[in-house]
Amino acid sequence: DGGITQSPKYLFRKEGQNVTLSCEQNLNHDAMYWYRQDPGQGLRLIYYSQIVNDFQKGDIAEGYSVSREKKESFPLTVTSAQKNPTAFYLCASMRAGGYGYTFGSGTRLTVV
Amino acid sequence: AQSVTQLGSHVSVSEGALVLLRCNYSSSVPPYLFWYVQYPNQGLQLLLKYTTGATLVKGINGFEAEFKKSETSFHLTKPSAHMSDAAEYFCAVRGGGNKLTFGTGTQLKVEL
């Protein structure tokens, strides 16, 4: 079955470390998105990509980086510059001409 | 810019009672509107969407929503709540770059 796979489901990071969250889709969707979810704040857009080798900053891009070398993959790196990285991270995709997103099951990142 | 406001961060209903979750939107163009549901530690699942045409939209699990342009609203309803409806619900509006802007969410509790 087609879908979006996020890994790992749980991730622990030490202060000062960079970590990379994986997002892979086999839906042949063109656009991919990364959101951060914090309690009571809804979902906030970090980065998005509408085509391979191109991506744009969202509302809260500081301290994060992405790449889009393949259509299927859109990894997110949380750098040491992100001062409050503990959150639930959601990846989504959408086909060209589509309306809504398909979401992955999320990665919960905790700083220890 | 597009935005949505969800009134009530927590809503509690009795099993069998009407569910009403409120969403008001702001959009400079005819909006595309969405309701998503999220169960604990999972991604978001699309309940229903409004794009064009009929203003009463039916979704999965017995939910429906009515687009009211004059009131800039897109409230979600279900005639009879079930225990399995307990979850967090998000309203969203689509803007430029096919980006979705989400509300802060409404946690629905269903009591016996």
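In table form, for the structure just shown:
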| item | result |
| --- | --- |
| Average accessible area per residue (Å²) across chain B - probe 1.4 Å, nucleic acids and ligands excluded | 48 Å² |
| Gyration tensor (alpha-carbon) shape descriptor, region A:1-47, a/c threshold 1.5 | oblate |
| Which of B:29, B:17, B:40, positive extreme of dipole for region B:1-82 (C-beta unit charges) | B:29 |
| Carbon and sulfur %, accessible surface of the protein assembly as shown computed with the full protein complex present, 1.4 Å | 49 percent |
| Using a Förster distance of 30 Å, the FRET efficiency for residue A:96-residue A:38 (Cβ separation, nearest 0.05) | 0.50 |
| D (Stokes-Einstein, µm²/s), Kirkwood Cα radius, chain A, 1.306 mPa s at 10 °C | 114 µm²/s |
| Computed label-point distance, nm, for sites residue A:70 and residue B:70 using a 7 Å Cα→Cβ extension | 5.4 nm |
| 3J(HN,Hα) from dihedral phi, region A:74-81, Karplus parametrisation 6.51/-1.76/1.60, rounded to Hz, x for glycine, proline | 8, x, 10, 9, 9, 8, 5, 6 |
| Under 18 Å from the residue B:3 label point (7 Å along Cα→beta-carbon), backbone N, region B:74-112 | B:74, B:91-96, B:99-106 |
| Rounded accessible area per residue of region A:39-112, 1.4 Å, Å² | 46 Å² |
| Cross-link pairs beyond the 29 Å C-alpha cut-off, checked among A:70/B:99; A:9/B:78; A:14/A:71; A:57/B:69 | A:9/B:78; A:14/A:71; A:57/B:69 |
| Phi to ³J(HN,Hα) by Karplus 6.51 cos²θ - 1.76 cosθ + 1.60 over region B:98-112, Hz, x for Gly, Pro | 6, 8, 9, 10, 9, x, 7, x, 10, 8, 9, 10, 10, 10, 6 |
| Probe 1.4 Å - accessible area at residue B:20, Å² to nearest ten | 60 Å² |
| Prolate/oblate/rounded label for chain B (Cα gyration tensor, a/c 1.5) | prolate |
| In the A-B interface, the accessible area buried, summed over both sides, Å² (probe 1.4 Å) | 1700 Å² |
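The values are calculated or read from the model by the stated rules, or taken from the named source; none is laboratory data. Please read these numbers as outputs of a predicted model, since none were measured by experiment. Backbone-built Cβ (ideal geometry, glycine too); neighbour counts: all protein chains shown. Heads up: the accessible areas ignore ligands, DNA and RNA and are worked out on the full protein's heavy atoms, side chains in. Shrake-Rupley method; radii C 1.70, N 1.55, O 1.52, S 1.80 Å.
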